[in-house]
Amino acid sequence: MMKARTVRASAYIIPFVCLLMLARVLPDAGPALAHDQGDCVLPLGVTPLADPSVTAQQVEDGSGSLKEFALAARERFGIETQTIETLEQVAHFVCRVRQEGSPWHSGSTYLVRLTPEGRVYEHAKNQALSGRLLNPLIYGEILYGLGVEPTVLANLASPDPAVAARAGAAVFATLSQGPDAAFDATTPVPGLRPGIPDASGYAAVYVAAPSPLPIILIAGFDLNETHLIEEELDYGDPAVTARDVVDRETLKAFVTQAGEWFISFLEAGDFSGAWRARSTARDPNGPWIHGSVYIYILELSTNLILFHGAFPDRYELRPLVPTVRDEVTGEFILPQVIEAALNSPEEGGFVEYYFDDPTDDTDSADVPKVGYARLFRAEMPSADGDVFTIDYIVGSGFYGRAPDVVARGPGTVVEAAVLGDAVEGLDVAFSRAIAGRQSDYTWRTVTDAAGLLSLTISSADGVSGYYRARATNADGEVVGRWSSIPLNVNQRQVLELTLGGGARVVRVEALAASGPDAAAKPAFAAETLPEASGLAPNSPNPFNSATLITYHLSSPGPVKLVIYNVLGQPVRTLVDETRGAGTYHVRWDARDDGGALLSTGVYIAHLSYPGGAQNQRLLYLK
């Protein structure tokens with residue numbers, strides 16, 4: 001009969017959270033005070049992470065080779081895995097390895113760690129790719145370079161489970177010897193595989209002592225979405241999805257399902273399933289994330305964020321320290337979340353707070369956020385017959401509603417022309433587009449014989465942001481829908497809305513006054529032409545879903561607006577046509593010309609216009 005005892009969660013949850021795979025029980029420790037080392041929290045009394053003897057910067061400037069960097073990193077990883085004792089140290093170690101500008105990460109030189117099955121264990125540049133499986137053609141090239149026999153590689157794909165298992169054991173045995181080698185899958189191999197762009201680098205294997213698990217360190221491989229494969233994902237079939245979260249009841253059901261789903265993998269010892277669950281929970285087309293509704297998991301004893309569904313590079317594997325305050329009460333938000341979960345371990349608890357997220361232009365401190373958190377415990381059997389318990393908090397939240405108040409003046413004036421057939425007498429209503437909130441279509445008006453409309457939007461919730469609109473006819477049928485309409489406070493904004501769903505901002509101008517006379521200007525009146533051509537600051541910046549790029553033309557002529565990556569390669573052409581003088585707005589959704597979502601990073605907006613050109617940096621954070 002197994003005996004139960006409780007230990008630090010970190011010993012057995014580490015494989016699940018992409019931390020170092022330590023197989024020993026870490027000692028209990030009280031909350032550690034800390035100071036900052038750059039953006040990385042270093043517990044007091046802990047020696048800072050030693051730099052590799054050859055750094056990423058040296059590889060970038062040519063004074064060190066990729067092989068030297070990979071071997072130096074392997075040596076340091078081997079030492080650190082034997083000396084790290086707490087999750088705080090692990091978090092600091094992982095943070096430094098991922099920190100841009102550190103000796104571990106410079107430009108395109110950084111580290112990717114792979115499990116023996118070829119799954120991304122940690123990605124220093126884009127942690128959102130963690131849990132994904134590397135293209136077998138690339139991984140086969142890496143394994144071949146590390147000494148795995150071709151017949152073994154072929155048998156990995158055998159339909160016979162016994163043959164595949166023996167091949168996997170042979171791979172494990174080879175990797176356990178700690179080999180290293182360069183690899184290059186960019187050159188085609190006739191009859192085997194095509195050339196794969198950018199798939200080259202240097203691989204070095206270390207064993208995560210005292211565990212026998214070999215980890216493959218990859219340096220110089222700028223691994224992105226195109227190098228991974230799409231797997232069949234098990235979403236767990238939740239009855240309430242992130243899209244369904246609109247109130248406290250649905251939020252509670254959503255979080256409860258998520259906690260039970262994660263526990264099922266841990267208690268079954270299915271760590272491969274737990275790895276896949278990470279990418280599943282981040283899939284924008286899946287049930288676990290929608291807009292501002294997503295899952296986070298917090299390790300209770302250290303306040304370490306083990307998983308973050310929306311911003312893994314910014315928050316994942318970092319302590320969630322109490323620095324964010326409620327903008328109404330002034331109290332720290334984090335302790336309230338933890339207290340809500342601990343006060344009722346079986347039921348969890350709700351927290352309502354006010355906070356204006358500076359990275360979200362649809363957010364406002366006037367709108368309350370409703371959060372729900374609950375304590376979960378997983379019991380996991382170990383090889384020696386003990387049962388280890390893991391305590392963690394699972395939470396999520398959604399945008400609530402501000403209390404009804406008297407409108408505060410004409411926030412913004414909207415004038416639009418509805419284009420199409422039968423556009424007279426349509427009831428057109430606008431609603432603020434906030435993720436997790438049902439559309440209420442508060443502001444409405446009726447089109448005239450030409451399909452023109454004019455209305456004023458004013459709200460204590462704040463006006464600036466993206467809006468939805470819909471048009472209904474006299475029979476109550478919805479004949480037109482529009483989304484992602486950017487509106488800003490204290491502006492007159494002229495739109496063209498086609499019944500097919502197209503929405504275009506014709507021009508924007510400042511309101512001359514905030515009183516009743518501000519709306520007296522006739523619809524589609526002449527605008528004041530810009531004095532100079534060029535780009536205005538995009539908003540928001542940084543952004544995580546879309547940003548609005550504004551540009552001015554002082555004279556008519558050909559205009560081209562192109563997005564480039566940091567390598568100078570064009571990824572998206574937004575405008576390429578002749579336009580008249582005026583102010584224009586273009587929404588970019590971080591996708592390339594083929595519709596594929598781009599990776600996190602810096603991009604350049606390049607505007608060319610009659611008589612000149614201008615660049616502007618855009619920071620995209622998934």
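Cβ under 15 Å from GLY201's Cβ, GLY201 left aside: what net charge do those residues give with Lys, Arg +1 and Asp, Glu -1?
On the way: positive: LYS67, ARG74, ARG113, LYS125; negative: GLU60, GLU68, GLU141, ASP180, ASP184, ASP198, ASP222.
Once all neighbours under 15 Å are counted, the net charge is -3.
For region 111-151, which whole percent of the accessible surface, found with a 1.4 angstrom probe, sits on carbon and sulfur atoms?
Percent of accessible area from carbon and sulfur atoms in region 111-151: 57.
What is the set of long-range amide H partners of VAL246 at a cut-off below 5 Å, with H atoms built 1.01 Å from backbone N?
LEU251
Work out how far the C-alpha atoms of region 172-280 reach from end to end along every principal axis, then list the three figures in whole Å, largest first.
Extents along the principal axes, in whole Å: 55, 37, 24.
Where does the Debye-calculated log10 I(q)/I(0) of region 538-608 sit at q = 0.11, 0.19, 0.28 Å⁻¹, using only Cα point scatterers of equal weight, no solvent?
Each listed q maps to, in turn, -0.27, -0.77, -1.40.
Which of the GluC sites (Glu not before Pro) found in region 218-302 are in a DSSP loop and have at most 14 neighbouring Cβ atoms, other than their own, within 10 Å?
GLU230, GLU231, GLU232
Accessible area of THR498, 1.4 Å probe, to the nearest 10 Å²?
Near enough 50 Å² of accessible area.
Keeping every protein chain present and rolling a 1.4 Å probe, give me the accessible area per residue for region 532-608 in Å². Let's see the in-between values first.
Working: 3230 Å² over 77 residues.
Counting only protein heavy atoms, the per-residue value for region 532-608 is 42 Å².
Could you give each residue of region 568-584 its phi-based ³J(HN,Hα) in whole Hz, using Karplus coefficients 6.51, -1.76, 1.60 with θ = phi - 60°, and x for Gly or Pro?
So the J values, rounded to whole Hz, are x, 8, x, 10, 7, 9, 8, 9, 7, 6, 8, 9, x, 5, x, 10, 10.
With no solvent and one point per C-alpha, what does the Debye sum give as log10 I(q)/I(0) for region 75-221 at q = 0.10, 0.11, 0.18, 0.21 Å⁻¹?
After summing over all Cα pairs, the log10 values are -0.36, -0.44, -1.12, -1.43.
The values are calculated or read from the model by the stated rules, or taken from the named source; none is laboratory data. Since this is a predicted model, take the numbers as computed values, not measurements. Cβ coordinates were reconstructed from backbone atoms using ideal geometry, including for glycine residues, and neighbour counts include every protein chain displayed. The area values use the complete protein model at the heavy-atom level, side chains included, leaving out ligands, DNA and RNA. Shrake-Rupley method; radii C 1.70, N 1.55, O 1.52, S 1.80 Å.
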